[in-house]
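J.: Input: one structure, supplied below.
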Amino acid sequence: MSTDAHHDKATASLAGAILEQTGVPVDKCYQCGKCSAGCPLAADMDYPPSLILRMLQAGGPELEEKVLRSYTIWVCLTCETCYSRCPMEIDIPVMMDYLRHESLRLGMTSPRAKDIIRFHRSFLDSIKYTGRLYEVGLVVDYKARSMHLLQDVKLAPKMYFKGKLNLIPETIKGLPLIRRIFSRSSKAGGEDAR
Ligand code: SF4
Ligand code: SF4
């Protein structure tokens, strides 16, 4: 699939779209490698963060598609270690967030990231319906999506008796506002559009 769909008329490249939508200047990276050296997940990624930046700088449909189909963007924890180490203050976690959004929107997600994406959606649904994290709902929803029905099931009673699991969901006062945010995001082609 061509990545042209994610380049609107105002942007000529994925790096340009990142700059326009998030303000993160991919072109400022000079490949010192400090982000990759400090990233706790670099060993699990298909491309370390500095290489993702290099691929975006080089641009072109092939490399951009590799970035959007990468496992890296899903395994990133948003821990901000890279950001704190970067001499150019390039906000890689924000860039990763945008890349995840685009990867979902264009249906270019990594097959390796299936369970992470299922968890991501279950988490967002919990926020959408209660305005906060409802752990029991999150676990049930994730298990239904992933079919990992028995995974960690032995932990549930322990967590319940320690008061870590509320069976009844609590909602927040500002729930209508949260729902409006989801609705706007959905209309804009965001993550809620599935
Ligand atoms: S935010 Fe992501 S890319 Fe940056 S150090 Fe943490 S895991 Fe690695
Ligand atoms: S630390 Fe910053 S400048 Fe260095 S490679 Fe990573 S993003 Fe580029």
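The values are calculated or read from the model by the stated rules, or taken from the named source; none is laboratory data. Keep in mind that this is a model prediction, so the values were computed, not measured. Don't worry about glycine lacking a Cβ; one is built from the backbone with ideal geometry, like all the others, and counts go over all protein chains shown.
J.: Which residue is farthest from the chain's Cα centre (by Cα), if the candidates are limited to the range 53-70 and must be more than 18 Å from Gly107 (Cα to Cα) and either of a type in the set (S, T, N, Q) or part of a helix (DSSP H, G or I) (or both)?
T.: Within the range 53-70, the first condition is being more than 18 Å from Gly107 (Cα to Cα), and the residues that meet it are 53-60.
With either of a type in the set (S, T, N, Q) or part of a helix (DSSP H, G or I) (or both) added as a condition, the list becomes 53-58.
Values: Leu53: 17, Arg54: 20, Met55: 19, Leu56: 17, Gln57: 21, Ala58: 23 Å.
Once the filter is applied, the top-ranked residue is Ala58.
J.: While we're here: Which is more than 15 Å from ligand 2 (Cβ to nearest atom) and closer than 16 Å to Thr22 by Cβ, of Ser110, Ser126, Ser103?
T.: Sole residue among the options that is more than 15 Å from ligand 2 (Cβ to nearest atom) and closer than 16 Å to Thr22 by Cβ: Ser103.
J.: Still on this structure: List the number of the failed condition for Glu89; all other conditions in (1) away from ligand 1 (no atom under 16 Å from the Cβ); (2) without any contact (Cβ under 8 Å) to a residue 12 or more places away in the chain hold.
T.: Status for Glu89: all satisfied but (1).
J.: Still on this structure, I have one more. Tell me yes or no: at least one residue of the range 147-156 is assigned to a helix (DSSP H, G or I), over 19 Å from Ile181 (Cβ atoms) and at pLDDT below 75.
T.: Looking through the range 147-156, at least one residue is assigned to a helix (DSSP H, G or I), over 19 Å from Ile181 (Cβ atoms) and at pLDDT below 75.
J.: Only one of (1) assigned by TED's automatic domain parsing to the domain that holds Leu175; (2) among the hydrophobic types (A, V, I, L, M, F, W, C); (3) not in a helix (DSSP H, G or I) is not met by Cys79, so which one is it?
T.: Unmet for Cys79, out of (1) assigned by TED's automatic domain parsing to the domain that holds Leu175; (2) among the hydrophobic types (A, V, I, L, M, F, W, C); (3) not in a helix (DSSP H, G or I): (1).
J.: Sticking with this structure for a sec: Quick one: what pairs do we get from the range 39-58, first residue closer than 11 Å to Thr72 by Cα, second surrounded by fewer than 19 Cβ atoms within 10 Å (Cβ to Cβ) and of a type in the set (Ser, Thr, Tyr), C-beta under 6 Å, 6+ apart or different chains?
T.: Partner pairs satisfying both residue conditions: Asp46/Tyr71.
J.: Hey, could you check the range 82-137 for residues that are of a type in the set (Gly, Ala, Ser) and either under 19 Å from Leu68 (Cβ atoms) or at pLDDT 90 or above (or both) and say which is surrounded by the fewest Cβ atoms within 10 Å (Cβ to Cβ)?
T.: Gly107
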